[in-house]
Amino acid sequence: MELEVRHLRALCAIADTGSLHRAARQLGVAQPSLSTQLRRIEQELGGELFTRTRTGCRPTPLGRIVLSRARPLVAEMRSLVTEARAAAADCPQLRIGSTGSRALSGWLRRLRERRQEPTLRMDVSSNALLRMVADGQLDVAFVHEVEGCPLRIPDSLCLRVLVDREPQFVSLPADHPATARPVVHLSELAGDRWMVDETVDGEFDAVLRMLRTAGLNPRVLHGDYHTTATLVATGEVISVCQPTCLPRPEMAVRRLHGDPLGVRLLLAARTETDLDGVHPALAEAYGEVARQAPAYQEWLEQGAAATAAPLSVPALALP
């Protein structure tokens, strides 16, 4: 038997779902058929790829080696098909990776207006996205580098700085006493529970460093951005947030006194030409959402005068 892409796709499905039953359902085949296919693949490769137990399937050491090579091949084949279809439709495909940002929708819209058809891969890990660009799985990545926690940037990549230092704000329940003022001191938040997404590269360490520098040792919960927003709205936690975050009736966004935490916004690609093709649209989209956020708009208009810090986004200075 000669291995084909469909065989590699089956192995990835088994590993991702942890079960032959769930993998078969995902692939749209019968479980006995998938079991037979797996046995034939293992015979071809000369060893077991998964350990079968009553609770599911786990990759063996040989399985992990095979999967490490299979996943990029499956991704590349998927990209090949997508790009070929786009080329046939006379619309060049652009594979974008990004961490979370309100600028994304405006960026994608502007790229489509420029006759580029973007696909999007979201990931909370900037380092993972940078590796995917270096490996050829993505064309460009928009990433966040948390202050004091440098990213591992592959030597082969070209970088473009969108914002050298974006101040991080704080999201609070709308009825929090600190929301009475436009600028919040960390000391006012000493008794609050904080929530941090520790899967974001560098964020957990940076937030703890910021709090300890201010002499605080609060209770810290772990959760993703969606969970955090829900718990902030119900008064359970507070959290750092991007300055472009919009307030809601149940949630307020405020600037932190002294801007103690910053993030550098970067665009990465393999060539300067690739960067030139996407940077203007992203800069426009970011400027748009920055002006829509009241707290950030005020910060931009004031030029960060309250802390004597230089305005770090001069391109977004407002009239």
Those residues of the stretch 93-109 which are in contact with a Leu (Cβ under 9 Å, 6 or more places away or on another chain), under 16 Å from residue 284 (Cα atoms) and open to solvent by 10 Å² or more (accessible area, probe 1.4 Å), in sequence order: 101, 102, 104, 108
So residue 128, is it closer than 24 Å to residue 8 by Cβ and modelled with pLDDT under 90: no
Filtered residues of the stretch 247-286 (kept if buried (at least 20 other Cβ atoms within 10 Å of the Cβ), of a type outside the set (A, V, I, L, M, F, W, C) and more than 19 Å from the chain's Cα centre (by Cα)): 254, 255, 259
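For (1) open to solvent by 70 Å² or more (accessible area, probe 1.4 Å); (2) touching a Pro at 6+ places or on another chain (Cβ under 8 Å); (3) small (Gly, Ala, Ser); (4) at pLDDT 90 or above, each residue gets a yes or a no:
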residue	(1), (2), (3), (4)
22	yes, no, no, no
28	no, no, yes, no
56	no, no, yes, no
59	no, no, no, yes
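Take residues that are open to solvent by 40 Å² or more (accessible area, probe 1.4 Å) and tell me which of the strands (runs of 3 or more DSSP E) falling wholly in the stretch 110-225 contain 2 or more.
117-122, 158-167, 220-222
Listed residues 214, 180, 233, 174; which is among the small types (Gly, Ala, Ser), without any contact (Cβ under 8 Å) to a residue 12 or more places away in the chain and over 28 Å from residue 128 (Cα atoms)? Steps first, answer last, please.
Numbers: 214 fails: without any contact (Cβ under 8 Å) to a residue 12 or more places away in the chain; 233 fails: without any contact (Cβ under 8 Å) to a residue 12 or more places away in the chain; 174 fails: without any contact (Cβ under 8 Å) to a residue 12 or more places away in the chain.
Of 214, 180, 233, 174, the one residue that is among the small types (Gly, Ala, Ser), without any contact (Cβ under 8 Å) to a residue 12 or more places away in the chain and over 28 Å from residue 128 (Cα atoms) is 180.
When you look at residue 41, is it surrounded by 16 or more Cβ atoms within 10 Å (Cβ to Cβ) and closer than 17 Å to residue 3 by Cβ, yes or no?
Details: surrounded by 16 or more Cβ atoms within 10 Å (Cβ to Cβ): yes; closer than 17 Å to residue 3 by Cβ: yes.
Here the answer is yes, as residue 41 does meet what is asked.
Go over the candidates 24, 13 one by one and state the one that is part of a helix (DSSP H, G or I) and under 27 Å from the mean Cα position of the chain (by Cα).
Numbers: 24 fails: under 27 Å from the mean Cα position of the chain (by Cα).
Going through 24, 13 in turn, just one is part of a helix (DSSP H, G or I) and under 27 Å from the mean Cα position of the chain (by Cα): 13.
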Candidates 295, 229, 306, filtered to the one that is modelled with pLDDT under 95, part of a helix (DSSP H, G or I) and open to solvent by 50 Å² or more (accessible area, probe 1.4 Å): 306
Tabulated pairs, the stretch 1-20, first within 18 Å of residue 43 (Cβ to Cβ) and open to solvent by 20 Å² or more (accessible area, probe 1.4 Å), second assigned to a helix (DSSP H, G or I) and of a type in the set (Ser, Thr, Tyr), C-beta under 9 angstrom, 6+ apart or interchain: 20/35
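Filter the stretch 61-75 down to the residues that are hydrophobic (A, V, I, L, M, F, W, C) and open to solvent by less than 70 Å² (accessible area, probe 1.4 Å) and list them by number. It would help to see each step written out before you state the result.
Within the stretch 61-75, the subset hydrophobic (A, V, I, L, M, F, W, C) is 62, 65-67, 70, 73-75.
Across the stretch 61-75, the qualifying residues are 62, 66, 67, 70, 74, 75.
How about the stretch 232-246: which of its residues are among the β-branched types (Val, Ile, Thr) and open to solvent by less than 30 Å² (accessible area, probe 1.4 Å)?
So the first thing to find is which residues in the stretch 232-246 are among the β-branched types (Val, Ile, Thr), and the list is 232, 234, 237-238, 240, 244.
Residues satisfying the conditions are 232, 237, 238, 240, 244.
Taking the conditions exactly as written (closer than 14 Å to residue 262 by Cα, of a type outside the set (A, V, I, L, M) and without any contact (Cβ under 8 Å) to a residue 60 or more places away in the chain), does residue 169 satisfy them or not?
Details: closer than 14 Å to residue 262 by Cα: yes; of a type outside the set (A, V, I, L, M): yes; without any contact (Cβ under 8 Å) to a residue 60 or more places away in the chain: no.
For residue 169, the condition - closer than 14 Å to residue 262 by Cα, of a type outside the set (A, V, I, L, M) and without any contact (Cβ under 8 Å) to a residue 60 or more places away in the chain - is not met.
Is it the case that residue 240 is farther than 22 Å from residue 114 by Cβ and within 19 Å of the chain's Cα centre (by Cα)?
On the way: farther than 22 Å from residue 114 by Cβ: yes; within 19 Å of the chain's Cα centre (by Cα): yes.
Yes.
The values are calculated or read from the model by the stated rules, or taken from the named source; none is laboratory data. The model shown is predicted, which means the values in this text are computed figures rather than measured ones. Reconstructed Cβ throughout: ideal geometry from the backbone, glycine too, with neighbour counts over all protein chains shown. The accessibility values were calculated without ligands, DNA or RNA, using every heavy atom of the protein model including side chains. Shrake-Rupley method; radii C 1.70, N 1.55, O 1.52, S 1.80 Å.
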